[in-house]
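Here is the structure we will look at, set down as structure tokens.
The values are calculated or read from the model by the stated rules, or taken from the named source; none is laboratory data. The shown structure was predicted, so the numbers you read here are calculated from the model rather than taken from an experiment. Note that we place each Cβ from the backbone using ideal geometry, even for glycine, and neighbour counts take in every protein chain shown. When the accessible area is computed, the model is the full protein with side chains, heavy atoms only, and any ligands, DNA or RNA have been set aside. Shrake-Rupley method; radii C 1.70, N 1.55, O 1.52, S 1.80 Å.
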Amino acid sequence: MAPCLGIFLILVGACIFLQLDHVDGDQQPIATDHSPTRKPDNKCVFPFIYQGRQHYDCTRADSFYRWCSLTEKYSGKWKYCAAEDYAKCFFPFVYRGRTYHTCTTDGSVLLIPWCSVTPDYDLHGAWKYCMCPVYLTHGHECDQAFETQVKKIKKSQA
């Protein structure tokens, strides 16, 4: 009985591990139309709306891998994010009524420099780290769970 259960768990784990993105089927579509809300060079559009939520950077919503929409309102045109697709810092930006022209550690519990990805952090709450400390890196991105915790702490301090 134990070997059968073990094989079953391995097969289930393999299926989950190998699952492909299910954002829009099993192939990454390449947009060919030139609608006014889609950039003709297949670049990510930020912010974009997916399932009623506004995204200011690449997302893992309904996916194992980060992706972005090629239109302002997700319409089935998307792509996986490459390093150059992630949202860039927006300068100057407003945080707690003050204007910043560079990354700041203000409001950062761990004193890690961050920036807004929109002109007004106070309005949108969208931000990113300016750099990832060595202990937070996983490839080229910061650990998502850590980012989420820091965001919650910041919001509670506001």
- Query: Given (1) farther than 27 Å from Leu123 by Cβ; (2) modelled with pLDDT under 50; (3) open to solvent by less than 50 Å² (accessible area, probe 1.4 Å), where does Arg38 come up short, assuming only one miss?
  - Reply: (1)
- Residues located in the stretch 67-119, provided they are among the charged types (D, E, K, R), assigned to a strand (DSSP E or B) and over 18 Å from the mean Cα position of the chain (by Cα): Arg98
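Residues are listed down the side, and each one gets a yes or a no for (1) open to solvent by less than 40 Å² (accessible area, probe 1.4 Å); (2) over 21 Å from Asp122 (Cα atoms):
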residue: Val45; (1), (2): yes, yes
residue: Tyr50; (1), (2): yes, yes
residue: His55; (1), (2): yes, no
residue: Ala61; (1), (2): yes, yes
residue: Leu70; (1), (2): yes, yes
residue: Lys73; (1), (2): no, yes
residue: Lys77; (1), (2): no, yes
residue: Asp85; (1), (2): yes, yes
